[in-house]
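All remarks here apply to the structure that follows.
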Amino acid sequence: MIKLSACIEMIFTEVPFTDRIARVSEIGLPAFEFWSWSSKDINEIKRKKKKYGLETAAFGVDPRVSLVDQGTAGSLVKAVEGSINIAHELDCKVLIVTTGNELKGVPRGEQHKRIVNCLKEAAPTAEREKVTLVLEPLNVLVNHMGYYLSSSYEGFDIIKEVGSPNVKLLYDIYHQQITEGNLISTITKNISMIGHFHAADVPGRHEPGTGEINYANVLRAIGDAGYEGYVGLELAPMKPPEQALKLIIDVANNIR
């Protein structure tokens, strides 16, 4: 069965942030996730999480740490350590890591090595604390111009080079449809290196059913490949959320 999580940075934005957790429960989803934690009321999130019996599927490590910069491995380790403390409070097992923007004048091969080195330095902490760091490629054609890592293929190469069971890829279906397509084949061949998914349709980053991605087939392939983690709905609904998410919830519930 496919487990869905609602990204409350983008869904239920008509109500205050922590009130969105109640809305996740009301719509029948088992988990929520969000972006950076540093500006959030963690105690209130923890209280609402417990009140509504929800899981925290994932949240982000400080995005200000650029993995492509020279000598930032120590900064990433500190950021991961701080995020792990919050993760333990929220019983969250997945932390999202981004690379930062590509550096002009520095060979991509060098930037690639720096990313690998940063993640290798952070991996022992993740392993010891039993959390998984997930590195996220983003598309540079529509949403994140200048970002270093757009290709899942390079992302999987990085994961292999790091060589830790607690460092995996965040495969964002929306971003990768824009960047490279070939979704099902790429996902199924690399499922052991995927620690989290994000989902939205193309174009527009709206709810599944509004664009070109056949989410019934994609989610079925994910389930058949043996994935047991969450698929995060990181999307901007065109309809009221209860209506917008009905199709994807129904599809997920019918996949066994």
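Before moving on, here are some points about what is shown:
- Residues (surrounded by 22 or more Cβ atoms within 10 Å (Cβ to Cβ), hydrophobic (A, V, I, L, M, F, W, C) and closer than 25 Å to Thr13 by Cβ) located in the range 209-243: Leu219, Val231, Leu233, Leu235
- For Val77: the one exception among (1) out of contact with any Gly (no Cβ under 8 Å at 6 or more places or on another chain); (2) closer than 16 Å to Lys46 by Cβ; (3) not hydroxyl-bearing (Ser, Thr, Tyr): (2)
- Qualifying residue in the range 185-192 (condition: crowded, with 19+ Cβ neighbours inside 10 Å, within 18 Å of Val94 (Cβ to Cβ), modelled with pLDDT of 95 or more and touching a helix residue (DSSP H, G or I) at 6+ places or on another chain (Cβ under 8 Å)): yes
- Ile173 vs. criteria of a type outside the set (Phe, Trp, Tyr) and in contact with a His (Cβ under 8 Å, 6 or more places away or on another chain): yes
- Condition check for Ala87 on (1) modelled with pLDDT under 95; (2) part of a helix (DSSP H, G or I); (3) under 17 Å from the mean Cα position of the chain (by Cα): one failure, at (1).
- Residue match in the range 149-162 (condition: within 18 Å of Ala57 (Cα to Cα) and out of contact with any Ser or Thr (no Cβ under 6 Å at 6 or more places or on another chain)): no
- Entirely in the range 141-256, the helices (runs of 4 or more DSSP H) that have 1 or more residues that are over 25 Å from Ala6 (Cβ atoms): 152-162, 183-189
- Glu102 being out of contact with any strand residue (DSSP E or B) (no Cβ under 8 Å at 6 or more places or on another chain), more than 30 Å from Asp224 (Cβ to Cβ), surrounded by fewer than 18 Cβ atoms within 10 Å (Cβ to Cβ) and modelled with pLDDT of 95 or more: no
- Residue that is free of Cβ contacts under 8 Å to residues at least 60 places away in the same chain, within 15 Å of the chain's Cα centre (by Cα) and within 27 Å of Thr132 (Cβ to Cβ), where the choices are His196, His175: His175
- Qualifying position, being among the hydrophobic types (A, V, I, L, M, F, W, C), out of contact with any strand residue (DSSP E or B) (no Cβ under 9 Å at 6 or more places or on another chain) and within 15 Å of Glu136 (Cβ to Cβ), among Ile194, Ile159, Ile178: Ile178
The values are calculated or read from the model by the stated rules, or taken from the named source; none is laboratory data. Note that the structure is predicted; figures quoted are calculated from it, not measured. Note that each Cβ is placed from the backbone with ideal geometry, even for glycine, and that neighbours are counted across all protein chains shown.
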